[in-house]
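Student: Below is the structure I would like to discuss, written out as structure tokens.
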Amino acid sequence: MVRNNKKQFISPCRYACPLMRPIQRHNIILGQLAKKVKAQGDEKTFLNLYDEWFNFNPLFGICGYVCGICEDFCNRLKVDEKVHIRLIERFLFDWYKDAVIKGKIPPYRSFNIFPLKEKVAIIGSGPAGLTAAFFLAKEGYQVTIFETKKRPGGALHLIPSFRLPKEVVNFVVDQIITPLNIKLELNTKIPITELKKDYKAIIIATGTPLPRPVPPFAKGFEGVESAIEILSQISEGTIDKGKYQGKQVVVIGGSGVAIDVARSIRRLGANVSLACLESEDRTSKDGILANIEDERCGKEEGITFYYSYGLQKI
């Protein structure tokens, strides 16, 4: 990797992380935590590590449930087994959440903020919008998030609850919004021209809410749906639970979203197959993109996988 015309060597795990998280530093702190755990735990040490991770990535609790990209590039794989950093993140987050719910520690972390007069509008309350709001509010900006839906979280709600419980999403959002006095306007659509009158800056963080186009060979056929539409209906509780009962369903694609929708429909009583262009061989450049754990779980749940298959007609 080249930065400032100087070659720097960065560990594969950190380089793979979209946030470039300093994983080695966090592992050193974890070593200190492990010593305290052996001594029956120390609340201050737990909170120090929580603050370290939370202030670097306010959504680290979400990552503890559904990420783990860094693990696939862990150097330890060449020796024995990867470092399970995702489960460690989840352990720390769950400890904090349970301690807050049980009233053992204050409900929110404290921040030293120097209030500024500038107001910032953020359009969208998904991961990008929430993260931007967190760091701007910590700097003292008056932040307002505008969301067209009835609840904040964006695409986080499309992740099935068997992978990411809704109470986890709600807790994470609250830990960002409430202590930093971030305003949240739900069910709201305001033209950019109106926002420009009152806000110093506007951040558009609407994500990619629209599904991919239906392939030409599948257009016009009854029963052809997009994964995003199905996951949205399941998340919002509007799906007909008997719609797929006993039906033969084929999911096209090899991404995490494809497996999420396949597992979700399987839970609604369907016989599900998944066909993808990607190869079963993960060492190949054409290897399947989905997380290996999700792939394994899908097979255990009775989903049939067809690798290196491209559909041409219905």
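The values are calculated or read from the model by the stated rules, or taken from the named source; none is laboratory data. Keep in mind the model is a prediction, meaning the values are calculated, not measured. Backbone-built Cβ (ideal geometry, glycine too); neighbour counts: all protein chains shown. For accessibility, only protein heavy atoms count, side chains too; no ligands or nucleic acids. Shrake-Rupley method; radii C 1.70, N 1.55, O 1.52, S 1.80 Å.
Student: Inspect all residues belonging to region 205-220 and state whether any of them is within 28 Å of GLU118 (Cβ to Cβ), open to solvent by 30 Å² or more (accessible area, probe 1.4 Å), touching a residue at least 24 places away in the same chain (Cβ under 8 Å) and touching an Asp or Glu at 6+ places or on another chain (Cβ under 6 Å).
Tutor: Within region 205-220, the subset within 28 Å of GLU118 (Cβ to Cβ) is 205-207.
Filter once more, keeping what is open to solvent by 30 Å² or more (accessible area, probe 1.4 Å): 206-207.
In the following step, the residues that additionally are touching a residue at least 24 places away in the same chain (Cβ under 8 Å) were identified as 206-207.
This time we only want the ones that are touching an Asp or Glu at 6+ places or on another chain (Cβ under 6 Å), so: none.
Within region 205-220, none of the residues are within 28 Å of GLU118 (Cβ to Cβ), open to solvent by 30 Å² or more (accessible area, probe 1.4 Å), touching a residue at least 24 places away in the same chain (Cβ under 8 Å) and touching an Asp or Glu at 6+ places or on another chain (Cβ under 6 Å).
Student: If you go through region 280-311, how many residues are touching a Lys or Arg at 6+ places or on another chain (Cβ under 9 Å) and farther than 19 Å from LEU268 by Cα?
Tutor: Residues flagged as touching a Lys or Arg at 6+ places or on another chain (Cβ under 9 Å) and farther than 19 Å from LEU268 by Cα within region 280-311 amount to 2.
Student: Taking GLU52 as the residue in question, decide whether it is modelled with pLDDT of 85 or more, open to solvent by 30 Å² or more (accessible area, probe 1.4 Å) and not in a helix (DSSP H, G or I). Show your work before the answer.
Tutor: Working: modelled with pLDDT of 85 or more: yes; open to solvent by 30 Å² or more (accessible area, probe 1.4 Å): yes; not in a helix (DSSP H, G or I): no.
Considered against the rule, which asks whether it is modelled with pLDDT of 85 or more, open to solvent by 30 Å² or more (accessible area, probe 1.4 Å) and not in a helix (DSSP H, G or I), GLU52 comes out as no.
Student: Restricting to region 49-71, name every residue that is of a type in the set (Val, Ile, Thr) and over 9 Å from the mean Cα position of the chain (by Cα). Steps first, answer last, please.
Tutor: Residues of region 49-71 of a type in the set (Val, Ile, Thr): 62, 66, 69.
Matches in region 49-71: ILE69 only.
Student: Now, a different point. Is one or more of the residues making up region 25-48 within 18 Å of the chain's Cα centre (by Cα) and modelled with pLDDT under 90? Even if it seems obvious, please write down each step before you answer.
Tutor: We begin by selecting, within region 25-48, every residue within 18 Å of the chain's Cα centre (by Cα); these are none.
No; the residues of region 25-48 include none that is within 18 Å of the chain's Cα centre (by Cα) and modelled with pLDDT under 90.
Student: Being open to solvent by 20 Å² or more (accessible area, probe 1.4 Å) and of a type in the set (Val, Ile, Thr) narrows it down to one of ILE259, ILE303, ILE292, ILE288, so name that one. I'd like the intermediate steps shown before the answer.
Tutor: Working: ILE259 fails: open to solvent by 20 Å² or more (accessible area, probe 1.4 Å); ILE303 fails: open to solvent by 20 Å² or more (accessible area, probe 1.4 Å); ILE288 fails: open to solvent by 20 Å² or more (accessible area, probe 1.4 Å).
Just a single option satisfies the conditions, and that option is ILE292.
Student: Test ARG3 against the stated conditions and say whether it is among the charged types (D, E, K, R), modelled with pLDDT under 95 and open to solvent by 40 Å² or more (accessible area, probe 1.4 Å). Walk me through it before giving the result.
Tutor: On the way: among the charged types (D, E, K, R): yes; modelled with pLDDT under 95: yes; open to solvent by 40 Å² or more (accessible area, probe 1.4 Å): yes.
Taking the combined requirement at face value, the residue satisfies it.
Student: Which one of these does ARG86 not meet: (1) in contact (Cβ under 8 Å) with a residue 24 or more places away in the chain; (2) in a helix (DSSP H, G or I)?
Tutor: Here ARG86 clears every test but (1).
Student: Sticking with this one: Answer yes or no: is there a residue in region 120-139 that is basic (Lys, Arg), open to solvent by 40 Å² or more (accessible area, probe 1.4 Å), within 27 Å of THR193 (Cβ to Cβ) and out of contact with any Gly (no Cβ under 8 Å at 6 or more places or on another chain).
Tutor: In the first step, residues of region 120-139 are kept if they are basic (Lys, Arg); the result is 138.
With the extra rule that they be open to solvent by 40 Å² or more (accessible area, probe 1.4 Å), the set shrinks to 138.
Now narrow it down to the ones that are within 27 Å of THR193 (Cβ to Cβ): none.
No, region 120-139 contains no residue that is basic (Lys, Arg), open to solvent by 40 Å² or more (accessible area, probe 1.4 Å), within 27 Å of THR193 (Cβ to Cβ) and out of contact with any Gly (no Cβ under 8 Å at 6 or more places or on another chain).
Student: Limited to region 269-285, what total is found for residues that are open to solvent by 30 Å² or more (accessible area, probe 1.4 Å) and farther than 16 Å from TYR307 by Cα? Before the answer, list the steps.
Tutor: Step one: of region 269-285, the residues open to solvent by 30 Å² or more (accessible area, probe 1.4 Å) are 271, 277-278, 280-285.
Narrowing further to those that are farther than 16 Å from TYR307 by Cα: 271.
Counting residues in region 269-285 that are open to solvent by 30 Å² or more (accessible area, probe 1.4 Å) and farther than 16 Å from TYR307 by Cα gives 1.
Student: Against the condition touching a residue at least 60 places away in the same chain (Cβ under 8 Å) and either open to solvent by less than 70 Å² (accessible area, probe 1.4 Å) or out of contact with any strand residue (DSSP E or B) (no Cβ under 6 Å at 6 or more places or on another chain) (or both), how does TYR65 come out, does it pass?
Tutor: Details: touching a residue at least 60 places away in the same chain (Cβ under 8 Å): yes; either open to solvent by less than 70 Å² (accessible area, probe 1.4 Å) or out of contact with any strand residue (DSSP E or B) (no Cβ under 6 Å at 6 or more places or on another chain) (or both): yes.
Taking the combined requirement at face value, the residue satisfies it.
Student: Check GLU225, GLU167 and return the single one that is modelled with pLDDT of 95 or more and surrounded by fewer than 19 Cβ atoms within 10 Å (Cβ to Cβ).
Tutor: Values: GLU225 fails: modelled with pLDDT of 95 or more.
Just a single option satisfies the conditions, and that option is GLU167.
Student: Looking for something open to solvent by 40 Å² or more (accessible area, probe 1.4 Å), assigned to a loop (DSSP other than H, G, I, E, B), among the β-branched types (Val, Ile, Thr) and farther than 29 Å from ILE292 by Cα - is there at least one such residue anywhere in region 69-80?
Tutor: Step one: filter region 69-80 for residues open to solvent by 40 Å² or more (accessible area, probe 1.4 Å), giving 69, 72-73, 75-80.
Now drop any that are not assigned to a loop (DSSP other than H, G, I, E, B), which leaves 79-80.
Still in the list and also among the β-branched types (Val, Ile, Thr): 79.
Now narrow it down to the ones that are farther than 29 Å from ILE292 by Cα: none.
So far as region 69-80 goes, no, none of its residues is open to solvent by 40 Å² or more (accessible area, probe 1.4 Å), assigned to a loop (DSSP other than H, G, I, E, B), among the β-branched types (Val, Ile, Thr) and farther than 29 Å from ILE292 by Cα.
Student: Let me ask something else. Determine the pairs where a residue that is over 27 Å from ALA132 (Cβ atoms), located within region 1-23, has a partner that is in a loop (DSSP other than H, G, I, E, B) and modelled with pLDDT of 90 or more with Cβ atoms under 8 Å apart, the partner being 6 or more residues away or on another chain.
Tutor: none
Student: Would you be able to say whether some residue in region 241-260 is touching a residue at least 40 places away in the same chain (Cβ under 8 Å) and of a type in the set (Phe, Trp, Tyr)?
Tutor: No, every residue in region 241-260 fails to be touching a residue at least 40 places away in the same chain (Cβ under 8 Å) and of a type in the set (Phe, Trp, Tyr).
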